[in-house]
Every structure is written in C-alpha cells, then in structure tokens.
Amino acid sequence: MRLRPLALAAVLALATACGADPSTPAKEKPVLTGGPAERAAQLVATLSDEDLVGQVLMPYAYGSSATDVSPGSAAGNRRIARVDTPAEMVAKYHLGGLILVGFSADDPTSKNQTTTNVDSPEQVRELTAGLQKAAAKLPAGSVPMLIGTDQEYGVVTRLKEGVTTLPSAMAFGAADDPRLTEQAWRAAGSELAAVGINVDFAPVADVLGGDGSAVIGSRSYGSDPKKVAEQVSGAVRGLQEGGVAATLKHFPGHGHTTGDSHTDLPQLRQDRATLDAGDLPPFSAGIAAGAKLVMSGHLDVRAIDPGTPATFSRKVLTDVLRGQLGFKGVVVTDGMNMEPAKRWPPGEAAVRALNAGNDLLLMPPELPAAYDGLLGGLRDGSLPRERLVDAATRVLTLKFELTAKPAPAMSTVGSAEHAAAADQLAAAAITQLRGTCQGISGPVTVTAAKGRDSARAMLVEALKAAGVEVIDSGGAEIHLIGYGDKRADLSKSAAVTVAMDTPNLLAQSKSATLLATYSSSPASMRALAGVLAGKTPPAGSAPVDVPGLPRTSCAA
C-alpha cells in the first residue's frame with residue numbers, strides 16, 4: 001500500500017463515538033482550506049491507494065438497513081461483496097458512494113435491479129444515516145458519501161410511498177412549461193435530500209426519435225431537441241436547488257435506438273452532424289444549467305467510435321463530453337452489471353471505464369473484482385495514477401459542494417406545498433388527441449389493461465371526489481393502458497382510452513375520446529379525473545408525434 005503523509009493522533013473520544021476500538025489511536029482528519037476543489041485536492045493527497053479506489057466505486061447492496069439485514073440480504077451481499085451488511089461493504093472497500101435500488105416488474109430498468117433498499121421515507125432516512133455513519137470512519141470521512149438512486153418519476157421511480165410523486169418526464173414535455181418543471185423538481189429534490197439521498201440519476205436527457213427506444217419511452221421529455229433541452233435545464237436547476245446533484249443521462253443519447261442497453265449494445269447510426277443537432281443539445285443545456293454529473297451510456301456511437309460502448313470510449317467521453325461540451329463535473333457509468341459492460345471481466349472493465357474518462361463506476365457486478373482490478377491497474381501501469389487521482393478529486397469535489405446546503409427537515413416530505421406543485425404540472429400535461437373537450441356525462445366504468453389495479457383504484461377514487469358516478473359495469477367505459485401494452489390490450493368497447501405512458505398506442509384505438517396522462521402517478525390520476533369531469537381543460541400537447549392524430553384536439 002502506498003500511503004501519503006497523514007498526521008496521526010490519538011483522538012479517544014472521537015474514536016469511541018464512531019464505534020472504533022478505544023485502545024486504537026484514531027487518525028486525525030486533515031485540516032482542509034479553500035473551496036470545494038481545493039479541499040478535495042488536499043484530502044486526496046492524504047489518501048491511500050485503497051481509499052482512492054474506493055472513492056470511484058458506487059455499488060448496490062442488499063438490505064433496508066445499514067447494519068441489520070435479513071439472512072437473504074446477507075447472502076446477497078456475500079455473493080457480490082463477501083460481506084454481510086451494507087455498512088461492512090462501505091468499510092471493507094472504502095466506498096465513496098452507494099446506490100439505492102428498487103425492483104419493480106413494470107420498470108424497464110428492472111433487468112439489473114435484483115433487490116430493493118427502499119420502502120418508506122423513514123426507513124430510507126435511517127438507512128442513509130447508517131451508511132453515512134459507516135463512511136465517517138474512513139480516511140475520506142470528513143465529507144459525506146454519495147448516496148444515489150434512480151428517481152426519474154414515471155416508470156422509473158424507486159421511492160414511491162410517503163413522498164410526493166411527480167409525473168413522468170414526457171408529462172413535463174406535454175405541459176411545456178419550464179417554470180413548472182423547475183418548481184416540481186425543486187420539491188422533489190428537497191424530499192430526496194431530506195431522506196439522505198444526495199445524488200439523483202435524473203433527468204433523462206435523451207431525445208426520443210420517431211422509432212425511439214422502448215426502454216426510454218416516457219422517460220424522455222419528447223422528440224424536439226430544443227424543447228427537451230428547456231425541460232432538462234429546468235429539472236437540473238430545480239433538483240439542485242433542492243439540495244441534490246442532478247445527473248444527465250444517457251450520454252450521448254439513448255432515444256434514437258431500438259435496442260435495450262441492459263441486454264444489448266444499441267447502435268446510434270446518426271451521422272455526426274445529426275448527432276450534434278439532434279441528441280447533444282439537452283446535454284449541452286443541462287451542463288450549462290450546472291448539472292453535476294453526466295451518465296455515460298452503453299451505446300455504440302457509430303459516427304464517433306464504432307463498436308465500442310460509449311462508456312468505454314475515450315473519444316466519446318474525453319474528446320466529446322469533456323472537450324466539445326466542456327463538462328467539468330463527475331462522469332458516472334451506467335450500470336456496470338449491464339450486458340455491454342460485461343464483455344470484459346469486472347476488474348478489466350473497471351480499468352477500461354476509468355481510462356475512458358469515467359470518474360465513478362456504478363453497480364460493478366463483482367465488487368471485490370472491480371476493487372482489486374483497479375488496485376492491480378495502478379501496480380501494473382494499466383491505470384495511470386493521475387487518472388485515478390483526477391477521478392477521485394472530482395468525486396470529492398462534488399461531495400464538498402453538496403455539504404454547502406443543509407438537508408431539509410423530514411416534515412417537508414409529502415407536504416401539501418409539494419403535492420400542489422405535482423398537481424399543477426400533471427394538470428398542465430393532460431392531452432386530448434381525439435374527441436370533444438367537454439368531459440364525459442353520465443355514469444362511468446373504469447377498466448385497465450394487465451390488471452393495473454393501483455392506477456384504476458386511484459382514478460376511481462379521484463372521479464368520485466370530482467362528482468362523477470362510477471359503477472361496476474354498464475357505464476361509459478374509460479380504459480387505461482400503460483407501459484409495454486400492445487394492441488391486444490386495447491378495449492374495443494371503451495368510450496375513452498387513456499395512455500399512461502407514451503401515447504403511440506392511441507393511434508390504434510377506436511375510442512371516440514383519446515387522452516394521454518403519460519404517467520400513472522397519483523397527481524396524474526387526479527388531473528385526469530378533473531378533465532373527465534369537465535372541471536379542467538386538457539391543456540397539454542403531445543411532445544411526440546402519434547401517427548394519424550394531432551398533438552392536441554383541444555387547441556386553446
């Protein structure tokens with residue numbers, strides 16, 4: 001181990017408070033001065049190789065507590081990291097970060113989410129506090145560890161219960177009001193910060209193409225690069241004003257692919273001019289808005305580095321992202337446990353990803369192999385020390401930046417003010433693509449494809465609250481469709497068909513009235529009920545083309 005000079009002292013009270021052995025002298029935390037970048041550089045100069053490597057790793061763990069996990073979770077942690085608990089994982093690998101995950105069958109990212117760490121705001125707050133306590137004992141513990149999650153809203157939402165749930169990105173695009181976007185994301189950011197999450201892997205900056213990626217779908221703000229850029233900028237500003245670092249993903253753009261990078265290596269076949277004009281503007285705008293992270297995508301960018309996933313391409317990450325776009329923050333990989341990243345052994349993949357220009361490696365499939373691979377790369381020269389130092393310095397700079405804003409109180413989580421922001425956005429998003437714009441009269445029956453009982457129940461409750469009579473059968477049928485539904489999931493008898501994801505399937509519906517909420521969030525169901533009851537107009541406009549249908553049939 002190569003250890004840089006570090007002052008040592010026996011700080012008995014501190015060691016006891018942190019749970020260390022009182023008989024073992026504790027290392028003094030270095031005195032750091034200057035701004036975040038200066039303090040980060042000073043701290044990095046004191047760290048061992050093991051600590052430097054740990055700072056660039058952000059694995060996932062099993063268990064809803066840092067220290068108290070079920071036998072099944074302990075077995076999962078032993079399988080991926082040879083430890084029992086998340087806290088032990090932090091200690092053994094000197095971790096700089098950890099991602100909280102959540103499995104959901106309707107989630108297009110569920111292919112590499114095999115566990116869940118999220119249940120309620122209180123549970124997440126206890127978990128994050130436990131992780132921070134473990135991280136505070138490390139030599140880099142003078143700043144908090146990064147705790148991230150994928151809280152995009154819509155189909156990719158990790159924390160769902162007890163918090164304010166925003167509609168999907170495509171709903172924001174339909175509302176087309178960056179002011180509302182910033183307001184809603186500020187509310188979301190403050191709630192994430194309150195429960196101890198300081199990095200959100202959002203917003204999605206992918207522009208959706210005409211035959212765009214199904215795995216992106218309503219996760220995108222739309223198909224117009226300029227409008228998507230405006231939405232991304234608003235989301236970044238709001239999220240970071242709330243105290244959480246925003247992440248632009250999936251660079252250089254996943255929206256014009258038909259493949260799923262969880263299982264395949266999708267190709268971006270645009271020429272360079274089309275890529276620059278059609279995919280990069282939201283990333284440029286998000287960087288200009290101050291986004292602190294950019295996520296590299298497992299994408300084959302044919303016009304830049306054919307055959308090499310962007311995650312492992314120096315031409316894409318260093319030349320284009322750093323050079324052309326001028327990004328100076330943290331570059332984080334998409335999940336290293338996704339198939340395109342597993343073409344190399346975990347240790348070699350980790351070295352390749354850092355050398356390409358990533359600073360933070362997300363979800364390595366075998367944490368010990370990634371950790372040992374990076375240490376081995378330092379020793380055999382395949383990983384230049386200056387590259388690792390640069391990456392760790394960027395990560396620590398971000399941590400120091402995040403300490404400038406204190407976490408909001410837990411009382412902000414699920415507040416009436418935040419619910420109002422979500423409701424306002426959801427109401428502005430509801431889009432009518434066919435039919436009169438005067439609501440529905442008489443009793444109604446609500447049905448849903450694939451047994452979406454939760455969304456159906458929320459709409460029934462909201463309709464009743466809005467004064468609409470809902471009966472079990474015989475009324476005008478309102479039929480809900482969502483992510484992954486096909487033509488067979490449409491109802492031939494429906495008077496109204498509502499798309500709770502991308503609106504494309506509406507082109508095949510025969511219903512007299514077609515509506516899109518783009519989301520099944522509680523706010524979206526309340527907004528839909530208001531439109532169906534004739535209390536509010538469907539004010540949104542589809543942010544993507546739907547064959548044979550207008551962007552809205554209810555022009556102001």
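The values are calculated or read from the model by the stated rules, or taken from the named source; none is laboratory data. The model shown is predicted, which means the values in this text are computed figures rather than measured ones. Cβ placement follows ideal geometry from the backbone for every residue including glycine, while neighbour counts extend to all protein chains displayed. Heads up: the accessible areas ignore ligands, DNA and RNA and are worked out on the full protein's heavy atoms, side chains in. Shrake-Rupley method; radii C 1.70, N 1.55, O 1.52, S 1.80 Å.
What number goes with the only condition from (1) in contact with an Asp or Glu (Cβ under 8 Å, 6 or more places away or on another chain); (2) under 18 Å from SER168 (Cβ atoms) that MET410 does not pass?
With respect to (1) in contact with an Asp or Glu (Cβ under 8 Å, 6 or more places away or on another chain); (2) under 18 Å from SER168 (Cβ atoms), MET410 is out only on (2).
Got at least one residue in the stretch 516-535 being farther than 14 Å from SER218 by Cα, within 30 Å of the chain's Cα centre (by Cα), outside any helix (DSSP H, G or I) and not small (Gly, Ala, Ser)?
Scanning the stretch 516-535, I find no residue that is farther than 14 Å from SER218 by Cα, within 30 Å of the chain's Cα centre (by Cα), outside any helix (DSSP H, G or I) and not small (Gly, Ala, Ser), so the answer is no.
Could you list all residues from the stretch 290-305 that are open to solvent by 30 Å² or more (accessible area, probe 1.4 Å) and either aliphatic (A, V, I, L, M) or touching a residue at least 60 places away in the same chain (Cβ under 8 Å) (or both)?
LYS292, ALA303
Residues in the stretch 495-513 that are buried (at least 23 other Cβ atoms within 10 Å of the Cβ) and either of a type in the set (A, V, I, L, M) or assigned to a loop (DSSP other than H, G, I, E, B) (or both): how many?
9
Which one is surrounded by the most Cβ atoms within 10 Å (Cβ to Cβ), of the residues in the stretch 310-327 that are in contact (Cβ under 8 Å) with a residue 40 or more places away in the chain and in a loop (DSSP other than H, G, I, E, B)?
SER313
In the stretch 47-85, what count of residues is obtained for those that are in a loop (DSSP other than H, G, I, E, B), open to solvent by 20 Å² or more (accessible area, probe 1.4 Å) and of a type outside the set (Gly, Ala, Ser)?
Residues flagged as in a loop (DSSP other than H, G, I, E, B), open to solvent by 20 Å² or more (accessible area, probe 1.4 Å) and of a type outside the set (Gly, Ala, Ser) within the stretch 47-85 amount to 6.
Sort out which residues of the stretch 536-556 are in a loop (DSSP other than H, G, I, E, B) and either of a type in the set (A, V, I, L, M) or without any contact (Cβ under 8 Å) to a residue 40 or more places away in the chain (or both), and write them in order of number.
The answer is ALA539, ALA542, VAL544, ALA555, ALA556.
Answer yes or no as to whether ALA202 is within 14 Å of the chain's Cα centre (by Cα), under 30 Å from THR67 (Cα atoms) and part of a loop (DSSP other than H, G, I, E, B).
Yes.
Can you name every residue in the stretch 424-480 that is loosely packed, with under 13 Cβ neighbours inside 10 Å, small (Gly, Ala, Ser) and part of a loop (DSSP other than H, G, I, E, B)?
Hits for the stretch 424-480 are SER441, GLY442, GLY467, SER473, GLY474.
Would you mind stating whether HIS418 is within 24 Å of the chain's Cα centre (by Cα) and not aromatic (Phe, Trp, Tyr)?
Yes.
Which of the residues that make up the stretch 94-120 are at pLDDT 95 or above and open to solvent by less than 10 Å² (accessible area, probe 1.4 Å)?
LEU95, GLY96, GLY97, LEU98, ILE99, LEU100
Anything in the stretch 328-346 that is touching a strand residue (DSSP E or B) at 6+ places or on another chain (Cβ under 8 Å), in contact (Cβ under 8 Å) with a residue 60 or more places away in the chain and assigned to a loop (DSSP other than H, G, I, E, B)? List them, or say none.
Matches in the stretch 328-346: GLY329, ASP334, GLY335.
Considering only residues that are assigned to a helix (DSSP H, G or I) and surrounded by fewer than 21 Cβ atoms within 10 Å (Cβ to Cβ), which ones fall in the stretch 401-422?
GLU401, MET410, SER411, THR412, ALA416, GLU417, ALA419, ALA420 - these are the residues of the stretch 401-422 that are assigned to a helix (DSSP H, G or I) and surrounded by fewer than 21 Cβ atoms within 10 Å (Cβ to Cβ).
Determine if the stretch 233-246 includes at least one residue that is part of a helix (DSSP H, G or I), open to solvent by 10 Å² or more (accessible area, probe 1.4 Å) and small (Gly, Ala, Ser).
yes
Give me the residue from the stretch 148-174 that is over 12 Å from the mean Cα position of the chain (by Cα) and of a type in the set (Val, Ile, Thr) and, out of that set, farthest from GLY217 (Cα to Cα).
So the residue we want is VAL163.
Being crowded, with 23+ Cβ neighbours inside 10 Å, among the small types (Gly, Ala, Ser) and assigned to a loop (DSSP other than H, G, I, E, B) is the filter here; which residues of the stretch 128-147 pass it?
ALA140
Working carefully through the options LEU354, LEU360, LEU383, find the one that is buried (at least 18 other Cβ atoms within 10 Å of the Cβ) and farther than 29 Å from THR115 by Cα.
Selected residue: LEU383, the only one of LEU354, LEU360, LEU383 that is buried (at least 18 other Cβ atoms within 10 Å of the Cβ) and farther than 29 Å from THR115 by Cα.
Counting only residues that are within 18 Å of ASP501 (Cα to Cα) and aliphatic (A, V, I, L, M), how many does the stretch 172-201 have?
2
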